[in-house]
Amino acid sequence: MTTLITGGTVVTAEGTVAADVLVAGEKIAAVLARDLTGEPGGPPADAPAAEAADRVIDATGKYVLPGGIDVHTHMEMPFGGTFAVDTFETGTRAAAWGGTTTIIDFAVQAKGTSLLATLDKWHAKADGNCAIDYGFHMIVSDVNDTTLKEMDACVAAGVNSFKMFMAYPGVFYATDGEILLAMQQAARLGATICMHAENGIAIDELVAQALAAGRTDPVNHGLTRPPELEGEATSRAIALAKITGCPLYIVHLSASQALEAVAEARDTGQNVFAETCPQYLYLSLDDLARPDFEGAKYVCSPPLRPKEHQDSLWRGLRTNDLSVVSTDHCPFCFKDQKQLGRGDFAKIPNGIPGVEHRMDLLHQGVVAGRLTLPRWVEVTSTTPARMFGLYPRKGVIAAGSDADIVIYDPQAKQTLSVATHHMNVDYSAYEGWELTGKVTSTLSRGRVVVDDGQYAGAAGHGTFLPRGLNQYLL
Ligand code: URP
Ligand code: ZN
Ligand code: ZN
């Protein structure tokens with residue numbers, strides 16, 4: 001099966017070019033730059049003939065992008081006595097609708113269990129269910145000799161990034177000593193430690209004080225997790241990474257204090273990287289303070305910050321101190337699940353839905369003049385691919401790469417709403433937001449999974465992606 005995407009503007013991290021894209025089977029066969037007359041150049045001798053393509057997609061007036069790569073999602077995640085409501089099937093379908101063609105989700109080691117058994121369990125959840133390709137990071141919540149040894153086998157199995165938590169004592173929390181041991185092992189393996197950097201021990205004291213004083217509303221989730229405690233934990237993680245020589249990737253960075261620590265480490269040449277998420281760029285503590293328990297919809301960790309932090313995050317994206325935008329998609333329904341924390345904000349399951357709207361929300365940064373078009377593609381696709389060992393199979397429009405392609409209409413208008421989104425959750429954190437730009441079609445390994453606004457994908461099309469090393473390491 002060959003497909004020719006004609007008339008569009010190909011946008012990559014390198015720049016934009018008027019080009020047709022020829023797809024053969026699951027791969028991109030050729031990128032045919034058009035000359036000033038609009039005529040495409042000839043394909044390489046070994047590419048199939050463009051004129052004879054089985055299918056032609058007209059992308060005139062549209063962008064042709066490498067599929068989005070969301071390196072931080074939590075489908076079916078066990079958390080706070082419940083589970084994130086998107087399954088691998090519903091969550092990857094929603095991702096495809098929004099122009100994301102790869103996710104990296106988190107396998108979650110429960111205390112007392114092995115990493116390899118955990119990996120098997122997560123394979124069983126995802127296998128045969130995904131609409132798009134997927135990989136795994138491993139959450140390490142029980143550091144012991146067996147776990148440390150099993151990190152080798154995880155890397156051999158294509159899982160070479162491990163998330164650890166400085167937050168959530170009693171659940172996922174690891175002590176500094178445990179982090180040090182895991183970092184030493186990761187450094188030996190060339191693997192990356194992904195860090196949830198918040199000082200959970202201090203936070204838990206603040207939470208207990210707030211509850212004892214009768215401050216139980218959702219806004220207290222934000223007030224008891226001050227940005228200084230994210231900054232402090234980030235600096236501590238960086239220090240531990242420095243002395244162990246371990247590559248460090250700070251996940252869901254939300255606070256300017258944490259960004260300063262990352263920027264300083266990067267300036268010294270340390271292998272330190274960071275991502276932020278759309279919720280930290282657009283939402284704020286004011287949303288957590290919404291009345292009638294509505295703030296619970298916005299409970300995630302680290303929490304939404306006062307608006308002042310947003311400008312520094314946008315600046316960090318420009319300067320590359322923030323290299324990636326992921327979603328931390330972790331959806332819990334307002335009706336049944338967020339209600340677990342009525343009268344006790346600490347029991348609200350942590351997480352915000354977003355896998356469907358990352359490309360669109362970041363496109364608003366282009367519309368507003370905060371990001372260039374190539375940078376939009378870089379932070380949502382190309383850098384994630386390089387950071388997590390998927391490049392050049394993913395993250396670029398080039399001959400030989402997987403035909404994960406998004407056709408994006410930059411002029412289309414859309415209104416985000418629970419009534420129209422495809423995520424399996426009963427609210428939208430962006431209800432009523434009017435956006436410019438929308439996905440027209442999405443291809444995953446050559447298969448059209450969203451076809452001019454119609455879903456055409458299938459559970460089981462998505463395959464597991466064993467990943468290589470972080471390609472930014474020095
Ligand atoms: O609130 C969040 N972020 N929930 C998901 C778990 C995590 O820490 O990433
Ligand atoms: Zn986290
Ligand atoms: Zn997360």
query = For the stretch 18-47, how many residues are modelled with pLDDT of 75 or more, out of contact with any helix residue (DSSP H, G or I) (no Cβ under 9 Å at 6 or more places or on another chain) and farther than 20 Å from K394 by Cα?
reply = 7
query = Taking the condition within 16 Å of ligand 3 (Cβ to nearest atom), on the phi > 0 side of the Ramachandran plot, open to solvent by 30 Å² or more (accessible area, probe 1.4 Å) and modelled with pLDDT of 95 or more, does Y173 pass?
reply = no
query = Just one of R34, R55 is of a type in the set (D, E, K, R), in contact (Cβ under 8 Å) with a residue 12 or more places away in the chain and closer than 22 Å to G462 by Cα; which is it?
reply = R55
ask   = Are any residues in the stretch 220-272 open to solvent by less than 10 Å² (accessible area, probe 1.4 Å), over 21 Å from I201 (Cα atoms) and not in a loop (DSSP other than H, G, I, E, B), and if so, which ones?
value = L248, Y249, V262, A265, V272
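Take residues that are surrounded by fewer than 19 Cβ atoms within 10 Å (Cβ to Cβ) and among the basic types (K, R) and tell me which of the strands (runs of 3 or more DSSP E) falling wholly in the stretch 1-71 contain 1 or more. Steps first, please.
Details: elements: 2-6, 9-12, 15-24, 27-33, 55-58, 63-66.
Strands (runs of 3 or more DSSP E) meeting the threshold: 27-33, 55-58.
Would you tally the residues in the stretch 282-322 being assigned to a helix (DSSP H, G or I) and either within 16 Å of ligand 3 (Cβ to nearest atom) or in contact with a Pro (Cβ under 6 Å, 6 or more places away or on another chain) (or both)?
Number satisfying all stated conditions: 5.
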note = Subset of the stretch 200-253, residues of a type in the set (K, R) and over 23 Å from H137 (Cα atoms), comes to R215, R225
inquiry  = So, in the stretch 316-367, exactly how many residues are over 15 Å from D426 (Cβ atoms), of a type in the set (V, I, T) and within 19 Å of the chain's Cα centre (by Cα)?
reply    = 5
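Which is of a type outside the set (S, T, N, Q), farther than 23 Å from E434 by Cα, out of contact with any Asp or Glu (no Cβ under 8 Å at 6 or more places or on another chain) and within 16 Å of ligand 3 (Cβ to nearest atom), of P392, P384, P349? Explain how you work it out, then say what you get.
On the way: P392 fails: within 16 Å of ligand 3 (Cβ to nearest atom); P384 fails: out of contact with any Asp or Glu (no Cβ under 8 Å at 6 or more places or on another chain).
After ruling out the rest, the residue left standing is P349.
Can you tell me which residue within the stretch 277-302, out of those that are of a type in the set (F, W, Y) and under 17 Å from Q364 (Cβ atoms), is least open to solvent (accessible area, probe 1.4 Å)?
Step one: list which residues in the stretch 277-302 are of a type in the set (F, W, Y), which gives 280, 282, 293, 298.
From what's left, under 17 Å from Q364 (Cβ atoms): 280, 282.
Working: Y280: 7, Y282: 53 Å².
Checking each candidate, the answer is Y280.
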message = Could you list, ordered by first residue, the pairs with Cβ atoms under 6 Å in which the first is in the stretch 245-265 and of a type in the set (A, V, I, L, M, F, W, C) and the second is within 16 Å of ligand 3 (Cβ to nearest atom) and assigned to a loop (DSSP other than H, G, I, E, B), at least 6 apart or interchain?
response = I250/A197
task = Output the number of the condition that G395 fails; it satisfies all remaining conditions of (1) under 20 Å from the mean Cα position of the chain (by Cα); (2) open to solvent by 40 Å² or more (accessible area, probe 1.4 Å).
result = (2)
key: From G80, G99, residue being more than 16 Å from ligand 2 (Cβ to nearest atom), on the phi > 0 side of the Ramachandran plot and either touching a helix residue (DSSP H, G or I) at 6+ places or on another chain (Cβ under 8 Å) or at pLDDT below 95 (or both)   = G99
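Among the candidates D120, D142, which residue alone is away from ligand 2 (no atom under 16 Å from the Cβ), open to solvent by 50 Å² or more (accessible area, probe 1.4 Å) and either assigned to a helix (DSSP H, G or I) or over 23 Å from V425 (Cα atoms) (or both)?
Values: D142 fails: open to solvent by 50 Å² or more (accessible area, probe 1.4 Å).
None of the others qualify; the one that does is D120.
The values are calculated or read from the model by the stated rules, or taken from the named source; none is laboratory data. Computed from a prediction, not measured in an experiment: that's the story for all the values here. Don't worry about glycine lacking a Cβ; one is built from the backbone with ideal geometry, like all the others, and counts go over all protein chains shown. Areas reflect the complete protein model, heavy atoms only, side chains present, ligands, DNA and RNA absent. Shrake-Rupley method; radii C 1.70, N 1.55, O 1.52, S 1.80 Å.
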